[in-house]
Amino acid sequence: MTPGDGSLGASEATGSVEILITREQLATACAELGEELSQIFEGSEPPIMVGVLKGSTLFLADLVRAMSIDVAVDFMAISSYEAGASQPTVVRILKDLENDIGGRDVVIVEDIVDTGLTLTYLRKALSERRPRSLRTVTLLDKSARRIVPVTLEHRAFEIPDVFVVGYGMDFQGRYRNSPDLLAVRDLPRLANEPRLLDRPLFGGRDG
Ligand code: IMP
């Protein structure tokens, strides 16, 4: 699918952000992906849907509700940081799965694939545990920023190189609960004024 344009109400912060993908488009994408995945696993043991914390939680919740088969749900938390200017990015597991995935069908549920480093690490770590099958479903693909090529079996939207918040994704821990997906046009300004989007998103509650 391709993202559509949207607009937020008039506000002096409006120019900093715009709706990239509406809640209706997100719901449609979840319904389509839910059906696609259900068909693949119909008649098999329930697949394990692995949510990557925290960004994928809203997508995972909508996706599994759009599936017409039983599934198991588990979570992982990953941290990644650049060890140094000329050094590779280090990815490590902060919270591991509770399920043994050996012999099971596993679906990694990602919010966004950007450089591809996180997903490359995850796919390697999980495939070493010998699942029956391993797939990835991502809501967003920012392929213009890819550093390492990585396999993506299912993808809802290809997006341009913009920073996004909402529908699970954050900026410094904020704005995850916006029901629409927003593109931040003025990231430096948001960094200076972290509450900049409160008014356009949540009706201007000051505090
Ligand atoms: P990658 O390892 O560069 O592919 O990073 C993927 C992770 O970076 C995602 O799971 C997000 O947590 C984060 N990320 C990348 N781009 C964005 C964005 O535009 N908004 C919010 N988080 C992002």
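The values are calculated or read from the model by the stated rules, or taken from the named source; none is laboratory data. Nothing here was measured: the structure is a model prediction, and the numbers come from that model. Cβ coordinates were reconstructed from backbone atoms using ideal geometry, including for glycine residues, and neighbour counts include every protein chain displayed. Accessible surface is based on the protein model in full, side chains and every heavy atom, while ligands, DNA and RNA are left aside. Shrake-Rupley method; radii C 1.70, N 1.55, O 1.52, S 1.80 Å.
Please state which one of Thr151, Thr136 is surrounded by fewer than 19 Cβ atoms within 10 Å (Cβ to Cβ), closer than 20 Å to Phe59 by Cα and more than 10 Å from the ligand (Cβ to nearest atom).
Working: Thr136 fails: surrounded by fewer than 19 Cβ atoms within 10 Å (Cβ to Cβ).
Answer to the check: Thr151.
Can you tell me which residue in the range 160-179 is nearest to the ligand (Cβ to nearest atom), limited to those that are surrounded by 20 or more Cβ atoms within 10 Å (Cβ to Cβ) and closer than 30 Å to Gln39 by Cα? Step by step, filter the range 160-179, then rank; the result is Met169.
If you check Arg92, Arg130, which single one turns out to be open to solvent by 70 Å² or more (accessible area, probe 1.4 Å), of a type in the set (D, E, K, R) and on the phi > 0 side of the Ramachandran plot?
On the way: Arg92 fails: on the phi > 0 side of the Ramachandran plot.
Within the list Arg92, Arg130, the selection yields Arg130.
Among the residues making up the range 115-133, those that are touching an Asp or Glu at 6+ places or on another chain (Cβ under 9 Å) and within 13 Å of the ligand (Cβ to nearest atom) are Thr118, Leu119, Leu122. Note on the range 139-148: residues that are within 17 Å of the chain's Cα centre (by Cα) and open to solvent by 70 Å² or more (accessible area, probe 1.4 Å) total 2. Comparison of Gly4, Gly84 shows that the only residue that is at pLDDT below 95, farther than 27 Å from Asp198 by Cβ and loosely packed, with under 13 Cβ neighbours inside 10 Å is Gly84. Could you please let me know if Asp111 is crowded, with 19+ Cβ neighbours inside 10 Å and in contact with a Pro (Cβ under 7 Å, 6 or more places away or on another chain)? Considered against the rule, which asks whether it is crowded, with 19+ Cβ neighbours inside 10 Å and in contact with a Pro (Cβ under 7 Å, 6 or more places away or on another chain), Asp111 comes out as no.
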